[in-house]
Amino acid sequence: MEFNRDRLARIEAAAAQLEERYPEEVAEEREAGTVPVPEFLRGLARDLRTYLQRDFALRWRELRALETVWSEIDEEFDGEPASARQVRELAARTKEKLLALAEALAPQSGARRLPSPKPEFVDELREVVRQTYGRLGWVAPEDENPEPDRGRTHGRQSR
């Protein structure tokens, strides 16, 4: 995403530079079916901006969902982080980079509203974590922990 953000800035700068250096050529009537280079570059930049905005929204929602689930897990462990420090640091750096991208993509009129993950997506992530914990043996799957049968003693029925 950083690479695409840099490409976007370069394309926009190239279009502005061409318009500045060759104003007469850009202003002249163009032949039918042709597009001036600055206009072509601005079209490329628009398409790339749209792509980046969609990719940003997806990645931001994923990160926010992860932070939500981490927070819930931390609460279960009395506030103790359940994920590795390195992973949390990576998430924090990713968040900083995404916020910088959001600022770069924001319209000149103001700040960008950051999207929230849908509850269904957060639920899916919770389920992935639950299944992972089960596979690692950290929690027993619910179907393997039936309610105790009061009529049984050590696996045998009492008489």
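The values are calculated or read from the model by the stated rules, or taken from the named source; none is laboratory data. Treat the numbers as computed from the prediction; the structure is a model and nothing was measured. Note that each Cβ is placed from the backbone with ideal geometry, even for glycine, and that neighbours are counted across all protein chains shown.
Listing for the model above:
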read-out	value
TRP60, sole failed condition from (1) closer than 28 Å to GLN131 by Cα; (2) out of contact with any Leu (no Cβ under 8 Å at 6 or more places or on another chain); (3) among the aromatic types (Phe, Trp, Tyr)	(2)
Failed condition for ALA102, given (1) of a type outside the set (Lys, Arg); (2) touching a Ser or Thr at 6+ places or on another chain (Cβ under 9 Å); (3) closer than 30 Å to ALA13 by Cβ	(2)
Verdict on ARG113 being surrounded by 12 or more Cβ atoms within 10 Å (Cβ to Cβ) and either assigned to a helix (DSSP H, G or I) or among the charged types (D, E, K, R) (or both)	no
Qualifying position, being acidic (Asp, Glu), closer than 23 Å to THR132 by Cα and either out of contact with any Leu (no Cβ under 6 Å at 6 or more places or on another chain) or at pLDDT 90 or above (or both), among GLU103, GLU89	GLU89
Residue selected from region 45-63 under the condition within 9 Å of the chain's Cα centre (by Cα) and buried (at least 18 other Cβ atoms within 10 Å of the Cβ), by the criterion farthest from PRO107 (Cα to Cα)	TRP60
One residue from GLU80, GLU75 being at pLDDT below 95, loosely packed, with under 14 Cβ neighbours inside 10 Å and within 30 Å of ARG113 (Cβ to Cβ)	GLU75
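Rundown of residues vs (1) at pLDDT below 95; (2) not small (Gly, Ala, Ser), yes/no style:
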site: ALA27; (1), (2): yes, no
site: ALA32; (1), (2): yes, no
site: VAL35; (1), (2): yes, yes
site: PRO38; (1), (2): yes, yes
site: LEU41; (1), (2): yes, yes
site: ARG54; (1), (2): yes, yes
site: ALA57; (1), (2): yes, no
site: TRP60; (1), (2): no, yes
site: ARG64; (1), (2): no, yes
